[in-house]
Amino acid sequence: MAGGLSASLSSTAQQDTSAAIIQRIDGSVHARENNLLGYTATEHYAVFRNHDEQHPAADMVVKTKYQKDVGKNYTVVSESGSEILRKVLEAVLDNERRMTRPADRVTALITPANYAMTVMGMETADGRNCVAVSLKPRRVSQYLLNGTAWVDPQDGSIVQLQGVTAKSPSVFTGASQVFRQYATIEGFPMATHARAVSNSWLAGETTIKIDYTDYQIQLRATR
């Protein structure tokens, strides 16, 4: 069936068209944007070198504060290890800070406005049955990925994301291979774990792992 889902989809999802799945993704993202007013979280960054992911070469813990009309701000709680690699982490945080500013955030969302999406079929991601959706950026941007999103087939919420940045975010980090997992917290998908691998002239090949914990979420009041 033209435009339909592949035969690998579940019987429930087979009744939907690709357009309906993409519409759910768009609706989920905009519901989060409209109703999530802010949050705080603890983010733990660990940097690894030379394929050794047991012994971090640098480490940083930050307290993150996100406000819808402002974006993210960070307070460093602790840091250790290589000064050069801590500068890499500072560049990563600066990129996140810029990406979450209201004017830039809208250009980074996983929506049909920013991506050409192709529904590929049902796959398991993080132990959940998901719809895999190919993502192709509609423009070259450091905030967009060439990759795949795995989404909940019922509500379109993102479960897992993987891809390569369409443009290098900075001279420090280079183009990155990005992996991110989400969990539903207070009704909305929030990042719980991320991994980024990149090469740069400053630090060579590095792997950054990020764990997100201690979410405190502020939602728009409902009548």
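Quick note: the coordinates plus some simple rules give every number you see, no bench work behind them. Keep in mind the model is a prediction, meaning the values are calculated, not measured. Neighbour counts are summed over all protein chains in view; Cβ atoms, including those assigned to glycine, are modelled from backbone coordinates with ideal geometry.
Can you count the Lys pairs in the chain with C-alpha separation below 23 Å, eight or more apart or on different chains?
Lysine pair count for the chain: 12.
Round to the nearest 0.05 the FRET efficiency obtained for GLU83 and ARG105 when R0 = 41 Å and r is the Cβ-Cβ distance. Mind showing how you got there, number by number?
Numbers: r = 31 Å, r/R0 = 0.75.
E(calc), rounded to 0.05, equals 0.85.
Please express the Cα-Cα pair-distance distribution P(r) of the range 25-70 as a list of whole percents, one per 10 Å bin, running from 0 to the bin with the greatest distance.
The distribution over the range 25-70 is 22, 29, 25, 24, 1, given as percents.
log₁₀ I(q)/I(0) of the chain at q = 0.15, 0.16, 0.18 Å⁻¹, via Debye over equal Cα point scatterers, no solvent, to two decimals?
Log-scaled intensity ratios, in q order: -1.03, -1.16, -1.40.
Cut-off 10 angstrom, C-alpha nodes, Gaussian network model of the chain. Which of ASP52, ASP94, ASP155 fluctuates the most?
Checking each option, the largest mean-square fluctuation is seen for ASP52.
Please give the length that would be gained between GLN154 and HIS44 if that part of the chain were fully extended, namely 0.36 nm times their separation in residues minus their C-alpha to C-alpha distance (nm, one decimal).
Details: separation 110, 0.36 × 110 = 39.60 nm, distance 3.14 nm.
Extra length available between GLN154 and HIS44 comes to 36.5 nm.
What is the helix-to-structure angle for 83-99, meaning the angle in degrees between its Cα long axis and the longest Cα principal axis of the chain, kept from 0 to 90 and rounded to the nearest 10?
Between the helix axis and the principal axis of the chain, the angle is about 40 degrees.
Report the extension gain between ALA183 and LYS136 in nm, rounded to one decimal, defined as 0.36 nm multiplied by the number of residues separating them, less their alpha carbon distance.
On the way: separation 47, 0.36 × 47 = 16.92 nm, distance 2.38 nm.
Result for the pair: 14.5 nm of gain on full extension.
Please list, in chain and number order, the residues 5+ apart from LEU144 or on another chain whose amide H is under 5 Å from its amide H, with Hs placed from the backbone.
It is ALA166, LYS167, by chain and number.
Quote to one decimal, in nm, the extra length available between THR17 and TYR215 on full extension: 0.36 nm per residue of separation minus the C-alpha distance between them. Intermediate results must be reported in sequence, preceding the final value.
Details: separation 198, 0.36 × 198 = 71.28 nm, distance 3.49 nm.
This chain segment gains 67.8 nm when fully extended.
To test your reading of the geometry: what angle, between 0 and 90 degrees and rounded to tens, separates the Cα axis of helix 18-35 from the longest principal axis of the chain?
Once rounded, one gets 50 degrees.
Taking the Cβ of GLY81 as the center, what net charge do the other residues with Cβ under 15 Å away carry, scoring Lys and Arg +1 and Asp and Glu -1? Let's see the in-between values first.
Numbers: positive: ARG49, ARG86, LYS87, LYS209; negative: ASP52, GLU53, ASP59, GLU79, GLU83, GLU90.
Spelling it out: positives minus negatives among the neighbours equals -2.
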